[in-house]
Amino acid sequence: MPTSATSPLGSADAGTRRPPGRLGDVVFRGLSTGAGITILVILALVSLFLIAQAVPALVATPADLQARGYGELWSWVLPFAFGTVWASVWALLLAVPTSIGIALFISHYAPRRIARTLAYIVDLLAAVPSVVFGLWGSMTLAPAMLPTYLWLNQYLGFLPIFGGRASGTGRTLLTAAIVLAVMILPIITALCREVFLQTPKLNEEAALALGATRWEMIKMTVLPYGRSGIISAVMLGLGRALGETMAVAMVLSGAQVINLQVLTSTNSNTMAAVIAQNFPEASGLRINQLIAGGLALFVITLAVNSVARWIIARRKDFNGAAA
């Protein structure tokens, strides 16, 4: 009987042929792909909504904005955009060193029981509502910081940021920055802690075996290995600071000004706080102008995150195990 010819590569082809995917893998792949696409669709819809609602304010004449809005668009947006960035920068200056220090203490210095308890407390701090931080900042922190502000103004007033006449209530941009720093501290700390714990033990033990102290080991292995993770954590914290609303609105008595001084009673307000304070009573072109401010805040946040991704991409080839 004639037999069918068998390819000499038949067995090899059969061995390398991919088996059909299991049902669980197919479902999980579909759910993951759908989730990713959903995020992109939501982001696109939010962008289209902001642009469509902001167009009337963007194309309106200065006379219309003066009569039915909050004044000329860019002279209204720029002070609040500046206040948003300025308060967030101060929050990062206060929160980032503290967060990295806490993360290093939890991951490399504290005994296991203390580290577990401290990590739990830090994680709980992220669950506190922003309105609670606002009440604490306006009723407790501001009066408590007043002597410090007067001292800074008296002895460091020659610096532009500490100049001017210090506020008598303590409700200044620096107070709002401290509140923001406390709010973003658990986010940055938790992410940095997890990144530091991922440092290869081989690298740490090799540094210690060569005679490095614990700090020298951290400086040579842990921090370089986690640099990209630290940048990602800082950017997530910055995103929270840029968009925070209620805490800033309750602490800061802001105005439509561009002011570098952080101890005076004349403070640059943030865009999110302005939108929250004015939106319930706005109508007509004022609503479009507030949404245009939200669009500016959206662009600022997108630009910050794009810069962060660019920085991380430049270091993507870094391999801690090969350092």
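The values are calculated or read from the model by the stated rules, or taken from the named source; none is laboratory data. All figures in this text were calculated on a predicted structure; none of them were measured in a lab. For neighbour counting, all protein chains shown are included, and Cβ atoms are generated from backbone atoms with ideal geometry for every residue, glycine included.
Taking segment 154-210 as the region of interest, how many residues are touching a Ser or Thr at 6+ places or on another chain (Cβ under 9 Å), of a type in the set (S, T, Y) and loosely packed, with under 15 Cβ neighbours inside 10 Å? Residues flagged as touching a Ser or Thr at 6+ places or on another chain (Cβ under 9 Å), of a type in the set (S, T, Y) and loosely packed, with under 15 Cβ neighbours inside 10 Å within segment 154-210 amount to 1. Scanning segment 158-189 for residues that are among the hydroxyl-bearing types (S, T, Y) and within 23 Å of the chain's Cα centre (by Cα) yields T172, T175, T189. Listed by first and then second residue, the pairs with beta-carbon distance under 6 Å, at least 6 apart or on different chains, first residue in segment 105-117 and within 16 Å of A190 (Cβ to Cβ) and touching a residue at least 12 places away in the same chain (Cβ under 8 Å), second surrounded by 15 or more Cβ atoms within 10 Å (Cβ to Cβ) and charged (D, E, K, R), are I106/R193; S107/R193. Taking E244 as meeting all but one of (1) surrounded by 23 or more Cβ atoms within 10 Å (Cβ to Cβ); (2) at pLDDT 90 or above, write down the number of the exception. Every listed condition holds for E244 apart from (2).
Which of the residues that make up segment 66-108 are of a type outside the set (D, E, K, R) and in a loop (DSSP other than H, G, I, E, B)? G69, Y70, G71 - these are the residues of segment 66-108 that are of a type outside the set (D, E, K, R) and in a loop (DSSP other than H, G, I, E, B).
Here is a yes/no grid of residues against (1) in contact with a strand residue (DSSP E or B) (Cβ under 8 Å, 6 or more places away or on another chain); (2) of a type outside the set (D, E, K, R); (3) at pLDDT below 90:
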site: R112; (1), (2), (3): no, no, yes
site: D123; (1), (2), (3): no, no, yes
site: A127; (1), (2), (3): no, yes, yes
site: V132; (1), (2), (3): no, yes, no
site: S138; (1), (2), (3): no, yes, no
site: A144; (1), (2), (3): no, yes, no
site: L174; (1), (2), (3): no, yes, no
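Quick grid of which residues meet (1) of a type outside the set (D, E); (2) assigned to a helix (DSSP H, G or I); (3) crowded, with 23+ Cβ neighbours inside 10 Å:
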| site | (1), (2), (3) |
| --- | --- |
| I231 | yes, yes, no |
| M235 | yes, yes, no |
| R240 | yes, yes, no |
| M250 | yes, yes, no |
| S283 | yes, no, no |
| G293 | yes, yes, yes |
| A296 | yes, yes, no |
| V299 | yes, yes, no |
| I311 | yes, yes, no |
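Flag not set for T221, criterion: surrounded by 21 or more Cβ atoms within 10 Å (Cβ to Cβ), among the hydroxyl-bearing types (S, T, Y), modelled with pLDDT of 90 or more and closer than 30 Å to A273 by Cα.
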